[in-house]
Amino acid sequence: MASASRNVSAPVEDTLRRARISHERGALDDAERGYRDVLKIDPDHAEALHMLGLLHFQGGRMNEADTLLKRSIERMPSALALANHASVLIGLDHRDAALDRLDRALSLNPSHLRSLLLRAGVLADLGRYVEAVTAYDCLLEIAPTFVDGLCRRGAVLRVLGRHMDALVSSDRALSVDGRSFDAHRLRAHVLRDLGRLEEALESYGRALAIVPNNAEALLMQGLTLADLGRLEQALASLSDAIAGQPDFIDALYNSAVMLERLERFEQALARCDRVLSLDAGHAGALGNRGNALYGLGRFADALESYDTSLRVAPDSLEVLCNRARVLTHLRREQEALESCDRAITLRPGYGPAWFIRGRILQRLHRYEEALASHDRVTEIDPSDRLALFQRGNTLRSMMRHDEALAAYDRVLAFDPENIATRFTKAFVYLQTGDFERGWAEYEWRWREAQVGNFKRAFAQPLWLGEESIEGRTILLHAEQGLGDTLQFCRYVKFVKARGARVILEVQAALKSLMEEVEGVDQVVGYGEPLPPFDVHCPLLSLPLVFRTDLASIPSGVPYVRANPGQVAKWQTRLGTRIKPRIGIAWSGNPNHLDDHNRSIPLEHLLLLLSDEVEWVSIQKVVRDEEQPLLETSCIRQFGDVIGDFADTAALVECLDCVVSVDTSVAHLAGALARPLWMLLPYLPDWRWLLDREDNPWYPTARLFRQPHAGDWAGVFQRIRAALPSIAQVHSAALPT
């Protein structure tokens, strides 16, 4: 019998040896045949069962591997077989069973490194992090230079928030192997968690020098660059991750976020759509898609995307707040408030929801409630500069200007060069008549995002009145809106009086009108080549140059004039005047930040009209949604035949009075010295000052202010009461 056993054993062991060689060389089909040949001879051969089970595990055939490894262990238990069976059980997501196998393996061989490593990993997978650290410590007592163990231990310590210990673990690994990708990556992750972003970036760079195309490291490098505000570089890193792994959703999504933050909204939208083609329910991509659409001004589409995102992740605070923003743009303020309140219910201390809520309430003129919301933000974070700034804006809207200035000063205590705050302080000073401080602060406008777009970069120096310009050529250039140009072109003659040749650059629509302004030597329209000049000055810096205060405002009108020939044409077009002829303008630039406050819906204005007056629209542009209503009203329209502002000036000269909201046509009427009735919101633009019916900039203006925020009805009531005075002037002017 002994001889027969040896005869069987020899070919089995030889076949097993050849199968193992094939297995090691990657010839898996040959290896499988060899293992099966052994099992045909000896069905309970423990090593063949073990190796065939391992081969199936490597091929992803988990259930077959499970069966084979169980049989192997029953025949001849070993630490290695138990560890490999544990790996299969982990693959089958049976971690508790895997832990039992590993405990048994270590009972057979307490120093078995693979079992120690796997056991620590399973404990971490099960969320038993403290036990996992202890398990890694046991492993490292036996193998203190085991780099993989050091890195895995560091990763668990990071999860536990023990970042300094994790950093020690990564540094120990690097002391063993300075080119360990895992150790450099772990170190970078920990440093990023600690907020040591530049050091983290350096470590990501070292990791990527070892494995240049690792998508996960490129992703994290990109996110770190984004945290540092280096968005273009962040986008480049994320793009590299995508180039190596085109379907890497995390990189695709975060690149969409970068594109949206860079205001490349079309590209951001396309990138979000790419993410959604891979994962239609990706809540982040749906939300960021809404952000991109919001940036493109496609508010209804943005709302739809936010709503879809919330169906996937109904508790997303950020999306709820962004939804509130877009609803506000759609003038659905009550729904916007409900969206904020939902976020606050989910997390009462979520500052952004309180902040947006305050902005919406301010827009609704519910100032006390808005103030309470902003105060809640500053309770959550006393250093929240944006909330402090908006608190100041709310106080300003409530006419509590001293308190508003105090709120702005709190912002400046944190950030002395906060541009929006310095710029807004200028408005408060100007509105309250403190021109000396107002004009000085107003120079901060060039550093403000929107106004800064108007800043001109000339080789010639800026002139602010310090040096003589006698015999020199100065370029005075318009900035911001048409109304600003009309208001401040009055200063041209004073510059001319300094002995300079004056070139005036203005918006094309104003060019012909400005040619008759006193003191102008040459008028240039935007976009036209500029003639040579020595110095330059923006128009709205001229009050600073001339140290204008309330008593010294250049109030002489008219300082622009209509062309008599154009006036005659308009008189013919309008026909015989048989009753008072009043021009009206009810809306201005829809893109103006304060348009919702300044403009009046046409349907409200129609309540003012009476048959005793001939009403003439002096708006060249009417909003599409208002055109049908205008066509059915008694208002005469000439928008399609009104040319530039010189043409509008001629039309205004033919009117008894202009009734207008705060728009460029109002400035035109004032500059022409025509009777002007201004319809002003409760908190108007700074130039209309406070608590007075007249205006030193325009002596022919009469101001009709809202008695309360949003109360146009009160304004209309006063206008109707005053209309007979225009009729009397008209009657006195008729021939007898």
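The values are calculated or read from the model by the stated rules, or taken from the named source; none is laboratory data. Just so we're clear, the structure is a prediction, and the values are computed from it rather than from any experiment. We place every Cβ from the backbone using ideal geometry, glycine too, and count neighbours over all the protein chains shown.
Brief remarks on what is shown
- Screening the candidates 376, 347 for the property of being among the basic types (Lys, Arg), without any contact (Cβ under 8 Å) to a residue 60 or more places away in the chain, buried (at least 19 other Cβ atoms within 10 Å of the Cβ) and closer than 30 Å to residue 415 by Cβ yields one hit, 376.
- Residue within region 575-583 that is assigned to a strand (DSSP E or B), small (Gly, Ala, Ser) and in contact (Cβ under 8 Å) with a residue 60 or more places away in the chain present: yes
- Residue 583 vs. criteria within 27 Å of residue 525 (Cα to Cα) and of a type outside the set (Ser, Thr, Tyr): no
- Scanning region 286-326 for residues that are surrounded by fewer than 24 Cβ atoms within 10 Å (Cβ to Cβ), part of a helix (DSSP H, G or I) and over 13 Å from the mean Cα position of the chain (by Cα) returns 299, 300, 301, 303, 304, 307, 308, 310, 311, 312, 317.
- Just one of the numbered conditions (1) among the aliphatic types (A, V, I, L, M); (2) under 29 Å from residue 650 (Cβ atoms); (3) more than 30 Å from the chain's Cα centre (by Cα) is not true of residue 462: (2).
- Boolean, residue 36 is surrounded by fewer than 23 Cβ atoms within 10 Å (Cβ to Cβ), farther than 28 Å from residue 100 by Cα and of a type outside the set (Val, Ile, Thr): yes
- Among (1) at pLDDT below 95; (2) crowded, with 18+ Cβ neighbours inside 10 Å; (3) under 18 Å from the mean Cα position of the chain (by Cα) - the single one residue 352 does not satisfy: (1)
- Restricted to region 162-250, the set of helices (runs of 4 or more DSSP H) holding at least 2 residues that are hydroxyl-bearing (Ser, Thr, Tyr) and either closer than 29 Å to residue 278 by Cβ or modelled with pLDDT under 95 (or both) comprises 231-244.
- The residues on offer are 473, 424, and the sole one that is buried (at least 21 other Cβ atoms within 10 Å of the Cβ) and among the polar types (S, T, N, Q) is 424.
- The residues on offer are 292, 268, 283, and the sole one that is on the phi < 0 side of the Ramachandran plot and in contact with a Gly (Cβ under 8 Å, 6 or more places away or on another chain) is 268.
- Selected residue [part of a helix (DSSP H, G or I), closer than 21 Å to residue 670 by Cβ and either among the aromatic types (Phe, Trp, Tyr) or not assigned by TED's automatic domain parsing to the domain that holds residue 698 (or both)] from 439, 444: 439
- Residue 127 meets each of the listed conditions (1) under 16 Å from residue 86 (Cβ atoms); (2) outside any helix (DSSP H, G or I) apart from (1).
- Exactly one residue among 454, 389 is under 23 Å from the mean Cα position of the chain (by Cα) and either part of a loop (DSSP other than H, G, I, E, B) or surrounded by fewer than 18 Cβ atoms within 10 Å (Cβ to Cβ) (or both), and that residue is 454.
- Wholly enclosed helices (runs of 4 or more DSSP H) of region 1-98 bearing at least 3 residues more than 29 Å from residue 116 (Cβ to Cβ): 2-25, 28-41
- Considering (1) more than 60 Å from the chain's Cα centre (by Cα); (2) touching a residue at least 12 places away in the same chain (Cβ under 8 Å), the lone condition that residue 14 does not fulfil carries the number (2).
- Residue count for region 579-629 under the criterion of being at pLDDT below 90, surrounded by 15 or more Cβ atoms within 10 Å (Cβ to Cβ) and farther than 23 Å from residue 710 by Cα: the result is 1.
- Neighbours by Cβ (under 8 Å, 6+ apart or cross-chain): first from region 53-77, within 16 Å of residue 98 (Cβ to Cβ); second crowded, with 22+ Cβ neighbours inside 10 Å and β-branched (Val, Ile, Thr): 53/88; 57/88; 62/88; 65/88; 66/88; 69/88
- Matching residues in region 478-503 - criterion: being without any contact (Cβ under 8 Å) to a residue 40 or more places away in the chain and either assigned to a loop (DSSP other than H, G, I, E, B) or touching a Lys or Arg at 6+ places or on another chain (Cβ under 9 Å) (or both): 497, 498, 499, 500, 501, 502
- Against the conditions (1) surrounded by fewer than 16 Cβ atoms within 10 Å (Cβ to Cβ); (2) over 30 Å from the mean Cα position of the chain (by Cα), residue 406 satisfies every one except (2).
- Members of region 23-44 found to be within 15 Å of residue 11 (Cα to Cα), modelled with pLDDT of 90 or more and of a type in the set (A, V, I, L, M), listed by number: 38, 39
- The numbered conditions (1) out of contact with any Phe, Trp or Tyr (no Cβ under 7 Å at 6 or more places or on another chain); (2) hydrophobic (A, V, I, L, M, F, W, C); (3) under 25 Å from residue 382 (Cα atoms) are all true for residue 265 except (3).
Per-residue answers, yes or no, for (1) small (Gly, Ala, Ser); (2) surrounded by 24 or more Cβ atoms within 10 Å (Cβ to Cβ); (3) within 23 Å of residue 321 (Cα to Cα):
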| site | (1), (2), (3) |
| --- | --- |
| 240 | no, no, no |
| 245 | no, no, no |
| 255 | yes, yes, yes |
| 260 | no, no, yes |
| 264 | no, no, yes |
| 268 | yes, yes, yes |
| 277 | yes, no, no |
| 284 | yes, no, yes |
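- Qualifying residue in region 186-197 (condition: surrounded by fewer than 24 Cβ atoms within 10 Å (Cβ to Cβ), farther than 22 Å from residue 159 by Cα and in contact (Cβ under 8 Å) with a residue 12 or more places away in the chain): no
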